[in-house]
């Protein structure tokens, strides 16, 4: 008569054990499922962030940059018509043309010469001093199929993140004796300087402003230097980190700088060119 009772008690203990195991397993499944949902959500957010940075910012910046180029060209066209009516076009033309002839037909001469000084002074008067973040020029690089606005300053929010090229303050303007130094993003936000590593000696770099068109020719490339190498944008550009790269004599230079390697901002890639000609509007 006792044996059945023992069996029943045994079954009861087994039932309690099975119920507790099932609850633990259910809780474990809920934790795993919840963790999986969190991981999937985080993954989707990261994917959206990557899409935003690599696709949307490029699309948005390029469209804005194209509109700005068109607006500048339209503005200069109107300015030319007004200048002709007032006789101002001839006056501006004489200033820039005189600067070119003062250096023997090429503006790339020594800045210490009389013609070089005239180039700096007259070009500066014709262009004026742009306001901070103002887009005032168009940079074109035929080899890269690039045509993009140039704005004063190198701030990210107001200049570089708009897909513009930024002009380093306190460096010279296009056509002036010294160093016309520029910066641009290599990745995201229009990435205008993504492929400047493909530029070779002799490639043209054109700069258009309200005063005229300035043609530079690529001369040297510094593949990598410190992000704090301020020597590359000096009036006579020469790397302070790698002194073998740069120049030792005054001239009419253009400097293009961007981050390297791609998708990092650890180092800087530098391309230098020399002014070969300028044509007034």
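Data for the structure
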quantity	calculated
Condition met for residue 268 (free of Cβ contacts under 8 Å to residues at least 40 places away in the same chain and either assigned to a strand (DSSP E or B) or surrounded by fewer than 20 Cβ atoms within 10 Å (Cβ to Cβ) (or both))	no
Where residue 173 falls short, out of the listed (1) in contact with a helix residue (DSSP H, G or I) (Cβ under 8 Å, 6 or more places away or on another chain); (2) surrounded by fewer than 17 Cβ atoms within 10 Å (Cβ to Cβ)	(2)
Members of region 182-207 found to be assigned to a strand (DSSP E or B), in contact with a helix residue (DSSP H, G or I) (Cβ under 8 Å, 6 or more places away or on another chain) and farther than 13 Å from residue 275 by Cα, listed by number	183
Failed criterion for residue 204 (all others in (1) over 26 Å from residue 249 (Cβ atoms); (2) surrounded by fewer than 17 Cβ atoms within 10 Å (Cβ to Cβ) hold)	(1)
Of the criteria (1) within 14 Å of residue 171 (Cβ to Cβ); (2) in a strand (DSSP E or B); (3) within 18 Å of the chain's Cα centre (by Cα), which one residue 232 fails	(2)
Residues (under 16 Å from residue 257 (Cα atoms) and buried (at least 19 other Cβ atoms within 10 Å of the Cβ)) located in region 154-167	154, 159, 160, 163, 164, 165, 166, 167
Hey, residue 38 at pLDDT below 65 and assigned to a helix (DSSP H, G or I) or not	no
Which listed residue, of 174, 244, is over 30 Å from residue 63 (Cα atoms), assigned to a loop (DSSP other than H, G, I, E, B) and at pLDDT 95 or above	244
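The values are calculated or read from the model by the stated rules, or taken from the named source; none is laboratory data. In this text, all values refer to a predicted model and were calculated from it rather than measured experimentally. Glycine gets a Cβ as well: all are built from the backbone with ideal geometry, and neighbour counts include every protein chain shown.
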